[in-house]
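I have placed the structure first, in the form of structure tokens, so that the comments after it can refer back to it.
The values are calculated or read from the model by the stated rules, or taken from the named source; none is laboratory data. Predicted model only: the values in this text are computed from it and were never measured. Backbone-built Cβ (ideal geometry, glycine too); neighbour counts: all protein chains shown. For accessibility, only protein heavy atoms count, side chains too; no ligands or nucleic acids. Shrake-Rupley method; radii C 1.70, N 1.55, O 1.52, S 1.80 Å.
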Amino acid sequence: MTCRALLRSQPIADSYSFSIREVQGTEIIGIAQFILRNPRDGHPWLGLIMLHSAYQRHGYAREFLDTLIAWYRENGYTSLHLAVLEKNSRVVSFYEKYGFVVYEEKETEKLGRVICMKYSI
């Protein structure tokens with residue numbers, strides 16, 4: 001398998017962005033993006049889960065992943081991939097605790113070190 005970070009400013013077919021809010025709130029506390037089929041490798045990829053710092057470590061990212069992976073499972077997907085840039089490497093432990101495993105690390109000229117992870121559904 002080869003990991004490639006997917007960074008584009010133009011829309012990609014079957015890609016989705018969500019705003020994350022508290023049930024009773026109106027304020028957006030985060031965003032999440034994913035793609036059902038990455039055109040580079042055919043796998044589903046999680047682009048990001050980004051939460052406002054005041055809402056980190058409260059279970060919101062885990063809840064989003066639980067929901068997303070349940071949907072993938074119900075719709076016949078067998079894996080979910082993601083890439084973490086070195087500057088965000090502190091989130092690797094979160095994904096490992098969730099069940100993602102590192103399958104490749106690579107160095108790129110544009111992005112630096114990239115850690116590729118996969119969750120088997």
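Roughly how many nanometres apart are two label points built 7 Å out from the Cα toward the Cβ at LYS87 and SER53?
Label at LYS87, label at SER53, 1.5 nm between them.
Determine the dipole magnitude for segment 3-121: charges of +1 sit on the beta-carbon of Lys and Arg, -1 on that of Asp and Glu, nothing else is charged, the reference point is the Cα centre, and the result goes in debye to the nearest 20.
It works out to roughly 180 debye.
Of ILE31, SER53, ILE121, which is farthest along the charge dipole of segment 30-121 in the positive direction, counting Lys and Arg as +1 and Asp and Glu as -1 at C-beta?
The one lying farthest along the dipole's positive direction is SER53.
If I compute solvent accessible area with a 1.4 Å probe over the protein chains, what percent of it on the chain is carbon and sulfur?
47
Label points 7 Å out from Cα along the Cβ direction at SER17 and LYS97: separation in nm?
It works out to 2.9 nm between the two label points.
If you wrap the chain's Cα atoms in a convex hull and average its projection over all directions, what's the area in nm²?
Result: a mean projected hull area of 8.0 nm².
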